[in-house]
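Report on the structure given below.
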Amino acid sequence: MPQILAMTVRRLVMSFFILSITALIVFLGTEVLPGDALTATIPTEELQFYSADQLAEMRSELGLDRPIPVRFLEVWARLMTFDFGTTIVKHEPVGPRIFHPMINSAILAGVALVVMLALVISLGTLASLKPGGRLDTTISATTLFTYSMPDFVVSNLFVIVFAVWLGLAPAVILAPTNAPKLTILAASILPVLALCVHGVAYQYRLLRAGMVEALNSDYVERARLAGLPTWRISLVHALPSALIPMLNGTASFVAGLLSGSVVVEAVFKYPGAGGELLRALSQREIPTIQAIAFLAALAVVVANLLADLAILALDPRVRTRSQNG
Amino acid sequence: MADIPVSTPLRRSLGWLRSRRLRRALSEPATLMGLILVVAHLLLALLAPLLAPYDTSALVGAPLQHPSWEFLMGTDQIGRDYFSRIIAGGRIALMVSFLGIAIAVVSGTVLGIIAGYIGGRTDEIIMRIVDAMMAIPDLILIAILILALGTGPGALIPVVAVVYTWGVVRVIRAKTISLSTLDFVRSAELRGETRLAVMVREILPNLIGLLGVELAVRVSSAVLRISALSFLGLGISQPTPDWGLMVQEAMGVIFTDPWFLLLPAIMLSSLIIGVNFMVDGLSRAFGITTAELG
């Protein structure tokens, strides 16, 4: 038990460290690469109207004239304490502004995640019952096909089919960002489906590979010889260890899900953080971009941490190994 | 799919082109279809300027015309020939992705082999950077870098390279670690070869199949992301023809002329479907497992 605790602490420290590097990347990308936050905020055609003195004055007001390491430490401290500051031009606080969109996006991604996991586990278990059989080949080919469909194409196809041809759902969601969460949830059927179409394949392939391997292992053979029913072998004995490869892919999967949700939100005009990010990008609102990018990375790191802990719980071999890169 | 492939030493001839594995892979209709789609797309991208009946940004007729012999796919909202734009719509995204991913695969391989073979602290440092880079959803990371560097091809290539290096590092590192335990690496070490020689002469040749897969898969994924960004208005901009951009333009007429949206959507999807089915068939035939592709 103390070993598990030590590993958990190690993972926590590591996650904190990874987040710090993430903050550095976001800082470098937004504030250091050609042009600082000020020149990035002011459109090029307006920049010529400012004299060098004025710009220098605004820089020192914003603290942009200080050395880069000092500025990074400040940004790092702000992000780590969830204090996202105010926007450069209008001095609006960023935190309250992105709060509701963030929650809405979390709802969308969360529901999509649950639906996807249910799909992946049922499809993966079904397919592994007879590897190479007709059902297996069909599911594998179908998921590879849907995986290859660009998310913005899938979303638009849904709009054409369900909204334009069948008239079953509204093409875009007209709820404001602070609408009751149930209203938003009810309107998000198509976005969730669109996310699933593209996202299911990745986890499905990992789970299927894990299932096939588990079903070929000695301990499952033993269970089979003991006369246990097939469904029990699949669900109770093979599934837990088959989940491990899938859990190992959590970081890529969640990051992909969040990338996808930016696109899907844009198509359906879903009132989430994706739309807020696109607005911030087009208006070059550096603090908002930093906040959303950091929170997205935080979601990925936390999901990965939870997956790592789940692996510790599922796989006794990991617990006995001293180091696990 | 679960069997672990025994690594084979490099064969210097191109015998694999005639190998039984390749023939078996191509006898599967899905793999063959994938290969045909990819080849067709590459030819189209290369030959588009020769095939296009009109200049892609010239206004040649009334807007939103239906297909006719004069305009094979009609004209778009401002009266440009849609057929010329459709066949040229993948060129920039493909070129930028291919060059960017080529750089990413080279740098990712170097870092991955070093991390996997040297191990220890070096490995630890490289992998934590990988974790951090991969924690930022790639669409957001690309968008941030584009904001800083711009959207010309000269800026997009390094952006793609920077964003996609880290996934390659992870895959190559894992494979290097599993190769390092095999006898031929051990015997090279016992012969007293330097670490550099082991990495270059023993490990690298055995990664070639995996590298081919990585290149193809990541090019298709980069094309997807760049199209998505163009669709969102952050990537390739007017008047360059680009499928993502064309889908976005077509959303305005989705209720009246849905095929304006479907044509670029079909072109983009068929490219990605082709790459994925081709890679899937080939990697199965050459014993590269799902887990290795992580």
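Please treat every number below as a calculation from the coordinates, not as lab data. All values derive from a computational prediction rather than experimental measurement. For neighbour counting, all protein chains shown are included, and Cβ atoms are generated from backbone atoms with ideal geometry for every residue, glycine included.
Tell me the angle of helix A:2-27 to the major Cα principal axis of chain A, expressed in degrees between 0 and 90 and rounded to the nearest ten.
Helix A:2-27 and the main axis of chain A meet at about 40 degrees.
With all pairs of different alpha carbon atoms counted, what Kirkwood hydrodynamic radius in Å does chain A show? Before the final figure, lay out the partial values.
Numbers: mean 1/r = 0.0443 Å⁻¹.
The answer is 22.6 Å.
Checking the cross-link filter: which lysines have an alpha carbon closer than 17 Å to that of A:Lys181, excluding same-chain neighbours under 8 positions apart?
Of all the lysines, those that pass the test against A:Lys181 - Cα under 17 Å, at least 8 places apart if same chain - are A:Lys269.
Taking the Cα centre of the range A:171-287 as origin and charging only Cβ (+1 Lys, Arg; -1 Asp, Glu), how large is the dipole, in debye to the nearest 20? Present the calculation step by step, with values, prior to reporting the outcome.
Details: 9 positive and 6 negative charges, 30 e Å.
Around 140 debye, computed over the range A:171-287.
How high is the relative contact order of chain B? Use alpha-carbon pairs under 8 Å, at least six apart in sequence, and give a whole percent. If you can, show how the numbers build up before the last one.
Details: 389 pairs, mean separation 81.0, N = 294.
28 percent.
I'd like the per residue volume of the convex hull spanned by the Cα atoms of the range B:166-220, given in cubic angstrom.
70
Given labels modelled 7 Å from the Cα in the Cβ direction, how far is it in nm from A:Lys181 to A:Gln54?
Once both label points are built, they end up 4.6 nm from each other.
Would you please name the chymotrypsin sites (Phe, Trp or Tyr not before Pro) within the range A:76-174 that are DSSP coil residues with at most 11 other C-beta atoms within 10 Å of their C-beta? Please list the in-between numbers first.
Working: sites: A:Trp76, A:Phe82, A:Phe84, A:Phe99, A:Phe145, A:Tyr147, A:Phe152, A:Phe158, A:Phe162, A:Trp165; in loops: A:Phe82, A:Phe84.
Filter output for the range A:76-174: A:Phe82.
Based on alpha-carbon centroids, what's the gap between the range B:174-249 and the range A:117-161 in Å, whole number please?
About 25 Å separates the Cα centre of the range B:174-249 from the one of the range A:117-161.
Charges at C-beta only: +1 for Lys and Arg, -1 for Asp and Glu. How large is the resulting dipole of the protein assembly as shown about its Cα centre, in Debye rounded to 20? It would help to have the intermediate numbers written out before the result.
Values: 44 positive and 41 negative charges, 468 e Å.
Computed charge dipole of the protein assembly as shown: roughly 2240 debye.
Send over the per residue convex hull volume for the protein assembly as shown, Cα only, as a whole number of Å³. Mind showing how you got there, number by number?
Values: hull volume 119.3 nm³, N = 619.
Dividing the Cα hull volume of the protein assembly as shown by its residues yields 193 Å³.
Give the angle, between 0 and 90 degrees and rounded to the nearest 10, that separates the Cα long axis of helix B:120-135 from the longest principal axis of the Cα atoms of chain B.
20
Per residue of A:142-155, how many C-beta atoms from partner chains lie within 10 Å of its own C-beta, taken as a mean? Don't jump to the answer; show the numbers that get you there.
Numbers: counts 0, 0, 7, 6, 1, 4, 14, 6, 14, 4, 13, 15, 2, 2.
Averaged over the peptide's residues, the number is 6.
Non-local amide H neighbours of A:Thr86 (under 5 Å, H modeled in plane, Pro and chain starts lacking H): which ones?
For A:Thr86, the qualifying residues are A:Val94.
What's the center-to-center distance, using Cα atoms, between the range A:9-27 and the range A:170-238 in Å?
Rounded to whole Å, the Cα centres lie 29 Å apart.
With θ set to phi - 60° and the Karplus curve 6.51 cos²θ - 1.76 cosθ + 1.60, what are the ³J(HN,Hα) couplings of the range A:87-93 in order, to the nearest whole Hz, using x for Gly and Pro?
5, 6, 7, 9, 6, 8, x
For the protein assembly as shown, build the charge dipole from Cβ charges (+1 Lys, Arg; -1 Asp, Glu) around the Cα centre, then report which of B:Ile87, B:Ser68, B:Leu43 sits farthest towards its positive end.
B:Leu43
Hey, got the dipole for chain B? About the Cα centre, +1 on K and R Cβ, -1 on D and E Cβ, debye to the nearest 20? Kindly include the intermediate steps, with their values, before the conclusion.
Values: 22 positive and 20 negative charges, 233 e Å.
The dipole magnitude comes to about 1120 debye.
Based on alpha-carbon atoms only, what is the radius of gyration of chain B relative to the globular estimate 2.2 N^0.38 Å?
In units of the globular-protein estimate, chain B measures up at 1.15.
In peptide B:245-253, how many Cβ atoms from other protein chains are near each Cβ within 10 Å, on average?
2
Applying the Karplus parametrisation 6.51 cos²θ - 1.76 cosθ + 1.60 with θ = phi - 60° to the phi angles of the range A:147-157, what ³J(HN,Hα) value in whole Hz is obtained for each residue in order, glycine and proline being reported as x?
4, 7, 7, x, 4, 6, 5, 4, 4, 5, 4
Got a sec to turn the phi values of the range B:187-195 into Karplus ³J(HN,Hα) couplings, 6.51 cos²θ - 1.76 cosθ + 1.60 with θ = phi - 60°, whole Hz, x for Gly and Pro?
With coefficients 6.51, -1.76 and 1.60, one gets 5, 5, 5, 5, 5, x, 6, 6, 4 Hz.
In the range A:84-221, with Lys and Arg counted as +1 and Asp and Glu as -1 at Cβ, which of these residues, A:Phe99, A:Ala127, A:Leu113, has the Cα nearest the positive end of the dipole, that is, farthest along it?
After comparing all options, I get A:Phe99.
If you average 1/r across every pair of different Cα atoms in the range A:230-325 and take the reciprocal, what Kirkwood value do you get, in Å?
On the way: mean 1/r = 0.0632 Å⁻¹.
Result for the range A:230-325, one decimal place: 15.8 Å.
Measure nothing fancy, just the Cα-based angle from helix B:29-51's long axis to the longest principal axis of chain B, in degrees from 0 to 90, nearest 10.
Helix B:29-51 and the main axis of chain B meet at about 50 degrees.
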